[in-house]
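The values are calculated or read from the model by the stated rules, or taken from the named source; none is laboratory data. In this text the structure is predicted, and so the values were computed from the model without any measurement. As a convention, Cβ positions derive from the backbone with ideal geometry for all residues, glycine included, and neighbour counts pool all protein chains shown. Keep in mind that these areas ignore ligands, DNA and RNA; they rest on the heavy atoms of the full protein, side chains included. Shrake-Rupley method; radii C 1.70, N 1.55, O 1.52, S 1.80 Å.
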Amino acid sequence: MTTQQNTGADSDAQDMSPEQIQAVIDRILSKDVPVPARDDDSRGVFGKAQAISTLDEEHSIYDGEQEDLAERRALRRTAGLSTELEDVTEVEYRQLRLERVVLAGLWTEGTLADAENSLRELAALAETAGSEVLDGIVQRRAKPDPGTYLGSGKALELRDIVMSTGADTVVVDTELAPSQRRGLEDIVKVKVVDRTTLILDIFAQHAKSREGKAQVELAQLEYLLPRLRGWGESMSRQAGGQVGGAGAGMGSRGPGETKIELDRRRIRTRMAKLRREIAAMKPARETKRANRRRNAVPSVAIAGYTNAGKSSLLNRLTDAGVLVENALFATLDPTVRKAQTPDGISYTLADTVGFVRSLPTQLVEAFRSTLEEVADADLILHVVDVSHPDPEGQIAAVRTVLAEVDARKIPEIIVLNKVDAADPFVVERLKQKEPRHAVVSTRTGQGIAELLESISASIPRPGVRLEALIPYNRGELINKLHNSDAEILSLEHEEGGTRVVAMVHENLAAELGEFAING
């Protein structure tokens, strides 16, 4: 893996020797290579970028049986598997050949650590999608080349790497313009996939529900539509009569549609149908939310960067048993479960899709109906992987998406997860930056009790103080006070009935109004 230094490089990059740069790139690919110290800076470039957790234990007892995970892993991908079967019984093993990929990225801004973490995350995305990362290149440029994304010399160097490693795919760490992708493919002579395509592919693999599959397909078609290409007969005119040789007779001559125009029309028709299907699914979710609002049930949404531990937190708090996997975008479909504060106030806890840097805008639009669970919440638990080398970057990326769905004004608790594997200095730094925080480990249970107390103090409470004398023949009303989200301050049995003082919601206050004392 090599790095090209251009005129615009900062002083840190210019002062590094080729050996030091190679050591950095080796760390991106998880090669355990010692990093030599720089002569002019004893600190060097330390730290190993992480996109997937290195903890040995993937699950806790709160994650349940994880049957969905066993089903997902039943179809294994195997390195070095030939597409030519030597024995027909190999089919029974249901193995797929891993794609062999080479990574390519630009370092245009920020620090070397930022570029390192970005490429490490790209490698994790590629592995999650089902590929084997062989090598890669990083080029220092002020801006991408408009024709091939990389410079001409670096593109030729990438072609040599592809040929020497036997790779069949190049993965680029950005969203490529159609012309850039075509220009780069013409040079490297293998398939070129950009970051957006990779994320969409992962979503397509992991979507399970009918709505999730429709949302992913819509996002894929929106991305594909401006990138359709045609050649040969695809660009020729389809015509009838003697011109087209179709035997349609006179009067049928005309320019007709090209095949690429026909494909575009079919894609637009399919997109319109998917939008109607997604819109038809929306009322069911809105009805459930309306019932919760009518019953004044507070809602708490779990949001955060992908693989930060959102599903593990939901399982820990509610025993939901949803799928947990040490992979990016393991769960896509939202899960809502009922929970209760230590003092008996009920609320709903919703797990949502994970976010990532440069999340494709097509996904944000397609999953907008799902992300409304966050926008309509009373409280957001923003889960952060505090063991990641750049937790502040994760927080900024998530808040960018929250702003796009109008959820930035909702109260937020920063949940610093995986503290058992984190640097204490990083934890302390984030605690100073984020005043509303909770330090937890969903694996060990550390800090869960304190988090529950923070949720209890942050969710909306019954706001109407009611003093009522309820007759003994209306015991169902006393039972409703105990079963609903009411805070009973005092309860005394008198000659005329049960005198109760409680904090209740407006709808219950109206129902008990005829027995109210002093208004």
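Considering only residues that are of a type in the set (Lys, Arg) and under 23 Å from the mean Cα position of the chain (by Cα), look in region 274-288 and name the one that is least open to solvent (accessible area, probe 1.4 Å). So, considering only residues that are of a type in the set (Lys, Arg) and under 23 Å from the mean Cα position of the chain (by Cα), the one least open to solvent (accessible area, probe 1.4 Å) is 285.
Restricting attention to region 363-370, does a residue exist that is surrounded by fewer than 20 Cβ atoms within 10 Å (Cβ to Cβ), farther than 30 Å from residue 119 by Cα and modelled with pLDDT under 80? Among the residues of region 363-370, at least one is surrounded by fewer than 20 Cβ atoms within 10 Å (Cβ to Cβ), farther than 30 Å from residue 119 by Cα and modelled with pLDDT under 80, which makes the answer yes. Summed over region 412-428, the residues that are open to solvent by 10 Å² or more (accessible area, probe 1.4 Å) and either assigned to a strand (DSSP E or B) or out of contact with any Ser or Thr (no Cβ under 6 Å at 6 or more places or on another chain) (or both) give a count of 7. Residue selection: residue 508 fails the criterion of being touching a Phe, Trp or Tyr at 6+ places or on another chain (Cβ under 9 Å) and either at positive phi or not basic (Lys, Arg) (or both). Count of region 445-470 residues, restricted to those that are open to solvent by 80 Å² or more (accessible area, probe 1.4 Å) and free of Cβ contacts under 8 Å to residues at least 60 places away in the same chain, is 4. For region 429-487, residues that are among the charged types (D, E, K, R) and part of a helix (DSSP H, G or I) total 8.
If you check residue 382 against the conditions, is it open to solvent by less than 20 Å² (accessible area, probe 1.4 Å), more than 18 Å from residue 451 (Cβ to Cβ) and within 16 Å of the chain's Cα centre (by Cα)? It is false that residue 382 is open to solvent by less than 20 Å² (accessible area, probe 1.4 Å), more than 18 Å from residue 451 (Cβ to Cβ) and within 16 Å of the chain's Cα centre (by Cα). Within region 500-514, the residues that satisfy the criterion of being surrounded by fewer than 16 Cβ atoms within 10 Å (Cβ to Cβ) and touching a strand residue (DSSP E or B) at 6+ places or on another chain (Cβ under 7 Å) are 501, 506.
Pairs linking a residue in region 112-126 that is closer than 14 Å to residue 199 by Cα and touching a residue at least 60 places away in the same chain (Cβ under 8 Å) to a residue that is in a helix (DSSP H, G or I) and open to solvent by 10 Å² or more (accessible area, probe 1.4 Å), with Cβ atoms under 6 Å and 6 or more positions apart or on different chains, are 125/198. If you go through region 360-398 and keep only what is touching a Ser or Thr at 6+ places or on another chain (Cβ under 8 Å) and not in a helix (DSSP H, G or I), you end up with 360, 376, 377, 378, 379, 385, 387. Where strands (runs of 3 or more DSSP E) fall wholly inside region 289-358, the ranges with 3 or more residues that are open to solvent by less than 40 Å² (accessible area, probe 1.4 Å) and either among the aliphatic types (A, V, I, L, M) or touching a Gly at 6+ places or on another chain (Cβ under 8 Å) (or both) are 299-304. Tell me, which residue of region 216-230 that is under 13 Å from residue 272 (Cβ atoms) and surrounded by 19 or more Cβ atoms within 10 Å (Cβ to Cβ) is farthest from the chain's Cα centre (by Cα)? The qualifying residue farthest from the chain's Cα centre (by Cα) is 222. Restricting region 162-202 to residues that are in contact with a Leu (Cβ under 6 Å, 6 or more places away or on another chain), open to solvent by less than 20 Å² (accessible area, probe 1.4 Å) and in contact (Cβ under 8 Å) with a residue 40 or more places away in the chain, the residue that is nearest to residue 274 (Cα to Cα) is 198.
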